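Colleague: Please find one structure pasted underneath; my questions will follow.
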Amino acid sequence: MKRHNINFAFSMVELIFVIILVGILSYIGSGFLPDNRLLNDTNFLTMKIKETQKNAISYDINAFSKPWSKTSDFTCIDLNTTNLEQKDSHSQKPHEFSSTLSVDGNKTLCFDSYGRPYQSERLLLKNLDMNLTYKDQHKSISVLRVSGYVIIKNNN
């Protein structure tokens, strides 16, 4: 009986060819992925508003006389994209806004210990509307005047 020692293996040229082919296909395929920057910015801003409201509710539960008189970093949020990027301490890499943010009225939103939104030491008399724009896409965020509930609207 005669034994044949045959080794089956890929040559270096074949391996490099496969790696280059996979790289080209992944580059072409990445062009078909959706751009979710506007959605990410909208979700981040919504999360920050809700987090501020939650912190305000637990900040001072005994402020019965004038609950909106106490302002702090826990109860107010500055609706400016550069300040929001710096305040993101929950993640290792801070969120970078790609969208432009426009706010109707004052850019500081505060919440009292009941979770009600206010600006300039007055409870909101109307909903606070914010608009996020990225390229040709638009999204609106509204903070309801009584409850502080946040609503995201599509404008496309």
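Read-outs throughout are calculated quantities, based only on the coordinates presented, and are distinct from any laboratory measurement. Fair warning: this is a prediction, and the values are worked out from it, not measured in the lab. Cβ sites come from the backbone with ideal geometry, for glycine too, and all protein chains shown count toward neighbours.
Colleague: May I ask you to compute the full-extension gain from ASN154 to ASN106, defined as 0.36 nm times their residue separation minus their alpha-carbon distance, rounded to one decimal in nm?
Modeller: Length gained between ASN154 and ASN106: 15.0 nm.
Colleague: Another question, then. Going through the cross-link list LYS93/LYS135; LYS48/LYS139; LYS126/LYS153; LYS54/LYS93, which pairs have a Cα-Cα distance over 21 Å in this structure?
Modeller: Among LYS93/LYS135; LYS48/LYS139; LYS126/LYS153; LYS54/LYS93, the Cα-Cα distance tops 21 Å for LYS93/LYS135; LYS54/LYS93.
Colleague: Local charge sum around ASP104 (other residues, Cβ-Cβ under 13 Å, Lys/Arg +1, Asp/Glu -1)?
Modeller: Taking every Cβ under 13 Å from that of ASP104, the sum is +2.
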